[in-house]
């Protein structure tokens with residue numbers, strides 16, 4: 001049992017007096033919270049993949065006590081003094097109470113079945129996993145570390161897109177992260193993009209879809225605009241299952257759909273193959 005899952009009591013039985021029921025968002029069946037946790041937050045009735053926090057995800061992917069977090073001091077500010085129904089500063093304060101980190105992503109270095117990796121994990125609890133300046137900066141620094149250490153990069157996306165409260169500064173992160181990934185690609189360092197529900201907007205239109213290998217969880221909704229917006233725009237009904245991971249796989253947008261139980265093993269196989277791949281010999285004259 002991973003130390004993080006152990007600490008968070010994911011997968012551990014709790015006394016009957018503390019047992020709680022959780023309704024599956026898809027099939028509406030009730031599951032005991034402890035049993036759902038022991039199944040990695042996958043509904044045993046319909047296999048719906050419920051969202052994980054960033055640190056639950058780290059416990060799922062990384063070897064016990066191998067994670068070293070970086071850039072924990074980076075925190076969002078209010079550069080354009082944005083206000084809608086609430087001030088941006090108040091939204092930040094509210095999100096800090098719901099999530100572990102100081103923004104919508106946790107980044108650092110760890111080991112996956114003894115493969116050293118650089119990881120970036122989104123947390124939907126922080127403003128819907130939206131991407132602002134801090135998210136873009138932390139991802140870019142992670143890319144730089146992967147490049148410096150010549151280790152694979154993994155980004156696990158769970159985001160509604162770019163954060164409107166930072167205006168153009170959030171949109172700039174799309175180009176910033178994409179340019180950094182170009183440098184990583186030119187150096188031959190692998191980048192695995194993992195898409196979870198949802199991966200939308202500016203995140204899907206930049207680094208999420210630039211992986212050397214793109215993997216999605218079953219049933220994840222992927223795309224730029226949501227289906228309701230698209231239908232209202234084109235005045236047409238969309239195909240059944242449009243924007244699900246399975247639909248995207250059938251239409252060539254992603255490479256693989258992998259059940260959460262199998263994800264770590266699949267990643268281990270990928271990194272083992274890449275590590276053992278023979279170096280190409282230069283052509284002889």
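Where a number appears in this text, it was derived from the coordinates with a stated rule and is not lab data. The structure presented is a predicted model; accordingly, all values stated were derived computationally and were not measured. Every residue, glycine among them, receives a Cβ derived from its backbone with ideal geometry; neighbour counts consider all protein chains shown.
What do you get for Rg/Rh of region 73-134 when both radii come from the Cα atoms and Rh is the Kirkwood radius? All intermediate terms of the calculation are to be shown ahead of the outcome.
Values: Rg = 14.0 Å, Rh = 12.9 Å.
Using Cα coordinates only, the ratio equals 1.08.
Take the Cα pairs of region 141-285, get the Kirkwood Rh, then feed it into Stokes-Einstein at 37 °C and 0.692 mPa s and tell me D in µm²/s.
On the way: Rh = 16.7 Å.
Translational diffusion coefficient: 196 µm²/s.
What ranking do 165-173, 192-200, 230-238 get when scored by the average of other Cβ atoms within 10 Å per residue, highest first?
On the way: 165-173: 19.0, 192-200: 25.8, 230-238: 10.6.
For the peptides 165-173, 192-200, 230-238, the packing ranking is 192-200, 165-173, 230-238.
Could you tell me what percent of the DSSP beta bridges with both partners in the chain are antiparallel, to the nearest 5? It would help to have the intermediate numbers written out before the result.
Working: 17 of 35 bridges.
If I count the DSSP bridges inside the chain, around 50 percent turn out antiparallel.
Given the peptides 178-187, 240-249, arrange them by the average over their residues of other C-beta atoms within 10 Å, most packed first. Don't jump to the answer; show the numbers that get you there.
Numbers: 178-187: 14.9, 240-249: 17.4.
Output ranking for 178-187, 240-249: 240-249, 178-187.
Taking only C-alpha pairs under 8 Å that are 6+ residues apart, what is the relative contact order of region 52-276 in percent?
On the way: 429 pairs, mean separation 34.8, N = 225.
Relative contact order of region 52-276: 15 percent.
Which value in deg cm²/dmol, rounded to the nearest 500, describes the helix-derived mean residue ellipticity at 222 nm for the chain, given -39,500 (n - 2.57) per DSSP H run of n ≥ 4 and division by the residue count? Provide the component values of the computation, followed by the final result.
Details: 10 runs with 98 residues, N = 285.
After summing the helix terms and dividing by residue count, I get -10000 deg cm²/dmol.
Taking square-rooted eigenvalues a ≥ b ≥ c of the alpha carbon gyration tensor, is region 139-222 rounded, prolate or oblate, where a/c under 1.5 means rounded and, failing that, a/b exceeding b/c means prolate?
Working: a/c = 2.40, a/b = 1.22, b/c = 1.96.
Oblate.
Need one word for region 117-178: rounded, prolate or oblate. Basis is the Cα gyration tensor (sqrt eigenvalues a ≥ b ≥ c); a/c below 1.5 gives rounded, then a/b vs b/c decides.
On the way: a/c = 3.01, a/b = 1.58, b/c = 1.90.
Because a/c hits 1.5 or more and a/b fails to exceed b/c, region 117-178 counts as oblate.
Once the Cα gyration tensor of the chain is diagonalised, what are the square roots of 5 times its eigenvalues, in whole Å and ordered largest first, as equivalent ellipsoid semi-axes?
Values for the chain, descending: 28, 25, 22 Å.
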